[in-house]
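The structure appears below as structure tokens.
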Amino acid sequence: MTIRVIENAGFCFGVSRAIDLLNAEIEKGSENLYTLGEIIHNPDIIKDVTDAGVRIINDVSSLAHGDRLVVRAHGATVSETELLENTGVCVIDATCPFVSKIHEIVKERSDKGDVILIGGNGMHPEVAGIKSRAACSRVFSDSAELESLAENEPELLAKSTTFVWQTTFNLQEFDKCNKIIKKRFKNTKIYDTICNATELRQKQTVELAKISDAMLVVGGKNSSNTNKLYDVAKRFCENTFFVENVKEIPIKLIYNSKNIGIAAGASTPHRIIEEVKQFMSELTNNTTVNEDMTFEEMLENSLKKVITTGDRVKGIVVGVNPAEVKVDLGTKQSGFITKDNFSADPSIDLTTAVNIGDEIDCVALRVNDIEGTIALSKKRVDSMKGYETIEKAYEEKAVLEAEVKEVSEGGLVVIVNNVRVFIPKSLSGRPVSFDLNTLKGETVQFNIIEFSQNRGRKKIIGSMKAIESEKRKAARKAFWETVEVGKRYEGTVKSLTTFGAFVDLGGVDGLLHITELSWKKIGHPGDVVNVGDKISVYVKAIDAENKKISLGYKDPDADPFVLFTANNSVGDKIKVKIVSIMPFGAFANITDGVDGLIHISQLSDKRVNKPSDVVSVGDEVEVKIVDINTETRKIGLSMRAVIEEANAAAESADVAYESASEAE
């Protein structure tokens, strides 16, 4: 059996470009990533794309600002393009450059008044995009439809017309149409817009079909160019079969063929062509295969190890650096895993996470037979396993535990077995005013409350609320069983009011009155503490019936009143500063946190009508301590006593002077 493959089989330039652009976006993350229709018409590629989390849409009006859209190789219509421009969608244009050239021609000739005649499949997205750029157009699928168009609309024959063609138009039909055009249409321009790769592929298919006993045309059943290859091959080789992959090969129908030809469309991955070629070659050379075997038996006996996109494989680590891990898969291709595809944790250090010689379980992301490499993902396998764990935890309402990796205004992100779980702020079990950033890096417990999948995208929502609520209930119970006056607690300031601060003691809130925050007088609790501060407090009073706790914060050993009275007594003279004046006297600051009252009767040794007649705020005066009341924590001061003492001393001095004078 001789097996031949046409030289230009497989991806054309436009398809390769589209796939490369889409893969580049997938590597950035598949969240909010869409394609406008199928990126190319091949079921294997589309499965790879959707498995990666990309969603295929046909209506761009469903997209929103911030979404990413890859425009398929076939292009988009004018209305779709305009709508995308007005919605703030990030557009990655993967339109084949040959298709874009047709758009330019049609727009230019239509603006000049030409009727645009399009050779192609009117239902194909490429033709829809071309037609949308013409003010007036007609579409015909073959020479028969063009002849019918000329008969039914004779007025077109005399109008100024422009002919363009779908890039995958059948060459034989193209030649027939050209003869009709030259014969019937008088004022026209013909642009040969059939892709050069399409032309070569069809010519090579015809040549191969002429010398083959059987032909296999490989590609997607909805691929226009592959269907054209099947049509041209069938004309010259009756024993022609259209297959999408190796599993569809009609082995028993072609088993005894001596010459087998293989052609493939522009949207057929090279790996699938190689699989078909290798299968047929091994089938020929393998003596253990016979036509009575089932396909599965033949496949088992004939195929060597072939890795395709989406396969789950095991390999041995043969190299590690900070950017990637190199893996031996036992094939001619070398495998590699980039850091992004190794783990969901962006902070991971590959050089410490994996060692040479380790066996590693991964998924093939992209097979590049030309470069001989296979891009792998360990993260995806871990995610598969992780999703199973998450789903089980969801069904069993189990408690999970993980470190908070990301924090946003909306909530928290934790990673469980390489699966991202989002915990909305409303389900964090924390008050609205709580700063979630304080939880970053912390290990938290949560339940899975939503586990769903829509178009390949998994939605996983966690909740800490119920667990936190249970924790607080248990903490409250334990607190009331052990609390006593004088016991000290480490608490967190939960909220502030004008009269004090509420402190979370671990399930129970206690009130720390403003007067307990400082020995000095303060205007607001915020002058001393802030929400979120961790502080040491002690219990001052307990109201068990109403479940209320009064807290203390000031250090009793630092009580300025106690410190002052321990070192000062009634009768001592001190310097003070007037801080306020009242009708009944003046208040003076003795030291930080300690004030005393100079009653109006103690301001002078003479009658005082108003305290302000004697002192002003800010004055520094000398006083004598005349009273210390430890129960009321009040200190009585007297300027009068100092004055009187000074007067008495002066009088004594005068008497002594007079006595001395008399003695002389």
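Quick rundown of the values:
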quantity: Whole-number D in µm²/s for the stretch 569-647 (Stokes-Einstein; Kirkwood sum over Cα pairs; 20 °C, 1.002 mPa s); calculated: 174 µm²/s
quantity: Euclidean distance between Cα centres, the stretch 485-507 to the stretch 566-613, Å; calculated: 37 Å
quantity: Between the stretch 191-230 and the stretch 403-419, the alpha-carbon center distance in angstrom; calculated: 51 Å
quantity: Cα Rg over Rh - the stretch 397-464, Kirkwood; calculated: 0.96
quantity: Burial order of peptide ranges 145-151, 258-264, 638-644 (average beta-carbon count within 10 Å, highest first); calculated: 258-264, 638-644, 145-151
quantity: Read-out mean projected area of the Cα convex hull in nm², derived from the coordinates shown; its label in (i) 30.7; (ii) 63.0; (iii) 55.0; calculated: (iii)
quantity: Peptides 521-529, 133-141 ordered by average Cβ neighbours within 10 Å, highest first; calculated: 133-141, 521-529
quantity: Local electrostatic count, Cys12, Cβ distance below 15 Å [Lys/Arg +1, Asp/Glu -1]; calculated: +2
quantity: Cβ crowding within 10 Å averaged over residues, with 579-585, 402-408 ranked highest first; calculated: 402-408, 579-585
quantity: Net charge of Cβ neighbours under 12 Å - reference Lys575; Lys, Arg +1; Asp, Glu -1; calculated: -1
quantity: For the stretch 1-76 versus the stretch 321-360, the gap between their alpha-carbon centres in whole angstrom; calculated: 26 Å
quantity: Å³ per residue enclosed by the Cα convex hull of the stretch 178-219; calculated: 105 Å³
quantity: Fraction of antiparallel bridges per DSSP, the chain only, in percent to nearest 5; calculated: 65 percent
quantity: Global form of the stretch 547-590, assessed from the alpha-carbon gyration tensor, a/c cut-off 1.5; calculated: oblate
quantity: Kirkwood hydrodynamic radius over Cα pairs of the stretch 312-381, then Stokes diffusion coefficient at 25 °C and 0.890 mPa s, in µm²/s; calculated: 208 µm²/s
quantity: Between helix 97-111 and the chain: long-axis angle, C-alpha atoms, 0 to 90°, nearest 10; calculated: 80 degrees
quantity: Extension gain, Thr352 back to Lys186 (0.36 nm per residue minus Cα-Cα distance, nm); calculated: 52.2 nm
quantity: Extension gain from Thr443 to Asn23, taking 0.36 nm per residue of separation minus the Cα-Cα distance; calculated: 147.8 nm
quantity: Label-to-label distance, nm, for residues given as Leu200 and Ser452 (7 Å Cα→Cβ offset); calculated: 5.0 nm
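Readers should treat all values here as calculations from the given coordinates under stated rules, not as data from a laboratory. Computed from a predicted model, the values in this text were never measured in an experiment. Ideal geometry is used to build each Cβ from the backbone, glycine not excepted, and the neighbour counts take in all protein chains shown.
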